[in-house]
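Visitor: Have a look at this one before I ask anything.
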Amino acid sequence: MKLLILAITLLLSGCVVYPINKTLQPEAEILVTDGGGKPIQDAWVYLISSYYPYGFEQSRMMDKTSYRGEASFPKIKEWRAESLMIHGSQVFFWNWCVVKEGFETHITMWNSGNDFQTQYEVILNPGESTPCPE
């Protein structure tokens with residue numbers, strides 16, 4: 001009986017902890033070209049993983065584009081323990097940052113994982129490149 005009362009109390013308080021296999025980073029590919037459609041080689045591509053509820057950056061992976069203007073990133077998943085309490089779970093979202101000397105830096109500012117495109121194409125315009133924001 002005491003165990004039943006404890007279980008009901010925990011359920012009502014929202015302190016239920018459960019395991020979840022969370023995607024920290026989706027499998028993603030990017031194609032970087034110039035305005036004429038020519039692939040841009042050796043551009044630095046960053047895939048930035050952030051999470052809510054606080055919007056903190058979780059990780060940042062980088063790769064250089066190939067002679068075909070392509071870069072790819074693997075899927076990363078991790079088992080975690082989350083709870084049903086307020087702020088008990090982390091919701092991930094991702095953004096791209098592409099830097100190449102002589103071209104304007106391309107940065108996405110999505111705030112939802114639903115906005116992220118796992119196959120993304122970027123057209124870089126000539127201009128001043130700046131570092132990706134930290």
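The values are calculated or read from the model by the stated rules, or taken from the named source; none is laboratory data. What you are looking at is a predicted structure, and each value in this text was computed from that prediction instead of being measured. Cβ coordinates were reconstructed from backbone atoms using ideal geometry, including for glycine residues, and neighbour counts include every protein chain displayed. Side chains are part of the model used for accessible areas, which takes the heavy atoms of the whole protein and leaves out ligands, DNA and RNA. Shrake-Rupley method; radii C 1.70, N 1.55, O 1.52, S 1.80 Å.
Visitor: Taking the range 41-56 as the search range and keeping residues that are modelled with pLDDT of 90 or more and assigned to a loop (DSSP other than H, G, I, E, B), which one is most open to solvent (accessible area, probe 1.4 Å)?
Guide: Our first condition is that a residue be modelled with pLDDT of 90 or more; within the range 41-56, this holds for 41-50.
Retained after the next criterion (residues that are assigned to a loop (DSSP other than H, G, I, E, B)): 41-43.
Values: Gln41: 92, Asp42: 69, Ala43: 0 Å².
Once the filter is applied, the top-ranked residue is Gln41.
Visitor: Kindly list, by first and then second residue, each pair from a residue in the range 88-112 that is aliphatic (A, V, I, L, M) to a residue that is modelled with pLDDT of 90 or more and part of a loop (DSSP other than H, G, I, E, B), limited to pairs with Cβ atoms under 7 Å and residues at least 6 apart or on different chains.
Guide: Short answer, once both residue conditions are applied: Val98/Ala43; Val98/Thr105; Val99/Ala43; Val99/Thr105; Val99/Ser129; Val99/Pro131; Val99/Cys132; Ile107/Cys132.
Visitor: Given the structure, is Glu101 out of contact with any His (no Cβ under 7 Å at 6 or more places or on another chain), part of a strand (DSSP E or B) and loosely packed, with under 15 Cβ neighbours inside 10 Å? Outline the logic, then answer.
Guide: Working: out of contact with any His (no Cβ under 7 Å at 6 or more places or on another chain): yes; part of a strand (DSSP E or B): no; loosely packed, with under 15 Cβ neighbours inside 10 Å: yes.
No: the conditions fail for Glu101.
Visitor: While we're here: Looking at Trp96, Trp79, which one is at pLDDT 90 or above and within 13 Å of Pro26 (Cβ to Cβ)?
Guide: Numbers: Trp79 fails: within 13 Å of Pro26 (Cβ to Cβ).
Every option except Trp96 fails the conditions.
Visitor: Inside the range 74-98, can you point out the residues that are closer than 19 Å to Met61 by Cα and either of a type in the set (Phe, Trp, Tyr) or surrounded by fewer than 17 Cβ atoms within 10 Å (Cβ to Cβ) (or both)?
Guide: If the condition is that a residue be closer than 19 Å to Met61 by Cα and either of a type in the set (Phe, Trp, Tyr) or surrounded by fewer than 17 Cβ atoms within 10 Å (Cβ to Cβ) (or both), then Pro74, Lys75, Ile76, Lys77, Glu78, Val91, Phe92, Phe93, Trp94, Trp96 are the ones that fit.
Visitor: Does Ser112 satisfy the condition of being of a type outside the set (D, E, K, R), closer than 12 Å to Trp44 by Cα and either more than 16 Å from the chain's Cα centre (by Cα) or not in a strand (DSSP E or B) (or both)? Even if it seems obvious, please write down each step before you answer.
Guide: Numbers: of a type outside the set (D, E, K, R): yes; closer than 12 Å to Trp44 by Cα: no; either more than 16 Å from the chain's Cα centre (by Cα) or not in a strand (DSSP E or B) (or both): yes.
The answer is no for Ser112.
Visitor: Same structure, new question: How many residues are surrounded by 12 or more Cβ atoms within 10 Å (Cβ to Cβ) and among the small types (Gly, Ala, Ser) if we restrict to the range 104-124? Even if it seems obvious, please write down each step before you answer.
Guide: Going residue by residue through the range 104-124, those that are surrounded by 12 or more Cβ atoms within 10 Å (Cβ to Cβ) are 104-108, 110, 113, 115-118, 120, 122-124.
Checking the rest, the ones that are also among the small types (Gly, Ala, Ser) come to 113.
Residues flagged as surrounded by 12 or more Cβ atoms within 10 Å (Cβ to Cβ) and among the small types (Gly, Ala, Ser) within the range 104-124 amount to 1.
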